[in-house]
1. So with the 1.4 Å probe, I'd like the accessible area per residue for the chain, rounded to whole Å².
2. Report, by chain and number, residues whose modeled amide H sits under 5 Å from the one on VAL60, excluding near sequence neighbours (fewer than 5 apart, same chain).
3. Most mobile of THR50, THR13, THR30 per a Gaussian network model of the chain (Cα springs, under 10 Å)?
4. Given a cut-off of under 8 Å on Cα pairs at least six residues apart, what relative contact order in percent is computed for the range 12-65?
5. Of the accessible area of the chain, with the probe set at 1.4 angstrom, what percent is carbon plus sulfur?
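The values are calculated or read from the model by the stated rules, or taken from the named source; none is laboratory data. Keep in mind it's a predicted model, so treat the numbers as computed, not measured. Surface accessibility is based on the protein's heavy atoms, side chains included, excluding ligands, DNA and RNA. Shrake-Rupley method; radii C 1.70, N 1.55, O 1.52, S 1.80 Å.
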Amino acid sequence: TYHVVAGAAAYSTDLSDGQMIETAQGESITVSLTGGVFIQDATDTDAQVTAADVATSNGVVHIINKVLLPSI
């Protein structure tokens, strides 16, 4: 549930630099738009969005290049 944002179909145009988003697990991730689109999790390595705005029957998916990890 750390990689899910409940109750929102957030397209890339809805994101802003520095935006904090609460996950379904209750922790926050941060959006960075510097040099691309990145998601900052609890680790030192940001996830880069490699494909955005993939519409599905139950929301929107953004493909990233790593597994998002919560704080331990």
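1. Numbers: 4620 Å² over 72 residues.
Here the per-residue accessible area is 64 Å².
2. Those lying under 5 Å, H to H, from VAL60 are ALA10.
3. THR13
4. Values: 83 pairs, mean separation 11.6, N = 54.
The value is 22 percent.
5. Values: 2460 of 4620 Å².
Carbon with sulfur: 53 percent of the solvent-accessible area.
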